[in-house]
Amino acid sequence: MFNLAMRELLLVAALLFTFIQPAFTAEKPENAKKQTKAGLYLTAKEAYAMKEKLGDKVLFIDVRTPAELVFVGSPVNMDKNIPLLTLDYTHWDERKGKYKKVFNPDFVSQFDALIHARKLTKDTPIILLCRSGSRSAKAANLLSSHNYSKLYTVVDGFEGDKATKGENKGKRVVNGWKNAGLPWSYKLDRKHSNLLTN
């Protein structure tokens, strides 16, 4: 009798656990560059669904450079562009064949200003998006060290991961916001810009 009651109790507990888990949770990425201290991950589709469901109760921040947004496009439902890195047009990276990227010295203060302006807290859920998930992980870790707690990174980013074989090898066609067919545009709204005057 006791064993039967215990089994039924365990079954009910297992079912309840299944239903109360967070609705938005991608698996921990295998790539160490995409892992974060917060350990909160979303796919592009999950990020879109979370923003649609929670609206202004979650911030959706694109941490790519403004040039990336202009020339590659951006999600239409993002709240703001706060770049983690900026291009240093005075220094050239010979190995990569392009201008060097440097950390945005105002990154954290721009987050602080946005949180204050929106009357939110550092416990507000924040979705971070970059090209493919590595930069958003760096951004999440930086913000974690400044007491932000609910930092979700989009593991497949805006453009997605590169194909490792086949005719599209080396192209970003595997996953990501654009490849998932989620709404995006080349046109930016001024409210999305990282200008401090907004």
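Below, the figures for the structure above:
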quantity: Residue pairs meeting the criteria (Cβ under 6 Å; at least 6 apart or on separate chains; first in a helix (DSSP H, G or I) and crowded, with 19+ Cβ neighbours inside 10 Å, in the range 27-53; second among the charged types (D, E, K, R) and at pLDDT 95 or above); calculated: 44/156
quantity: Any hit, the range 89-99, residues being of a type outside the set (Asp, Glu) and either in contact with a Leu (Cβ under 7 Å, 6 or more places away or on another chain) or surrounded by 13 or more Cβ atoms within 10 Å (Cβ to Cβ) (or both); calculated: yes
quantity: Some residue of the range 150-159 being among the hydrophobic types (A, V, I, L, M, F, W, C) and at pLDDT below 95; calculated: no
quantity: Options 138, 122: the member that is modelled with pLDDT of 95 or more and in a helix (DSSP H, G or I); calculated: 138
quantity: Residue within the range 84-97 that is within 18 Å of the chain's Cα centre (by Cα) and not hydroxyl-bearing (Ser, Thr, Tyr) present; calculated: yes
quantity: Residue in the range 84-97 that is part of a loop (DSSP other than H, G, I, E, B), within 15 Å of residue 151 (Cα to Cα) and not basic (Lys, Arg) present; calculated: yes
quantity: Residue 159 vs. criteria touching a residue at least 60 places away in the same chain (Cβ under 8 Å) and either part of a helix (DSSP H, G or I) or more than 17 Å from the chain's Cα centre (by Cα) (or both); calculated: no
quantity: Residue 167 vs. criteria within 19 Å of residue 69 (Cα to Cα) and assigned to a loop (DSSP other than H, G, I, E, B); calculated: no
quantity: Residue among 156, 123, 189 that alone is acidic (Asp, Glu) and surrounded by 15 or more Cβ atoms within 10 Å (Cβ to Cβ); calculated: 156
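For every residue, the table says whether it meets (1) among the small types (Gly, Ala, Ser); (2) free of Cβ contacts under 8 Å to residues at least 40 places away in the same chain.
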| residue | (1), (2) |
| --- | --- |
| 105 | no, yes |
| 114 | no, no |
| 119 | no, yes |
| 127 | no, no |
| 135 | no, no |
| 149 | yes, no |
| 175 | no, no |
| 183 | no, no |
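The values are calculated or read from the model by the stated rules, or taken from the named source; none is laboratory data. What you are looking at is a predicted structure, and each value in this text was computed from that prediction instead of being measured. Methodologically, a virtual Cβ is constructed for each residue, glycine included, from the backbone with ideal geometry; neighbour enumeration extends over all protein chains shown.
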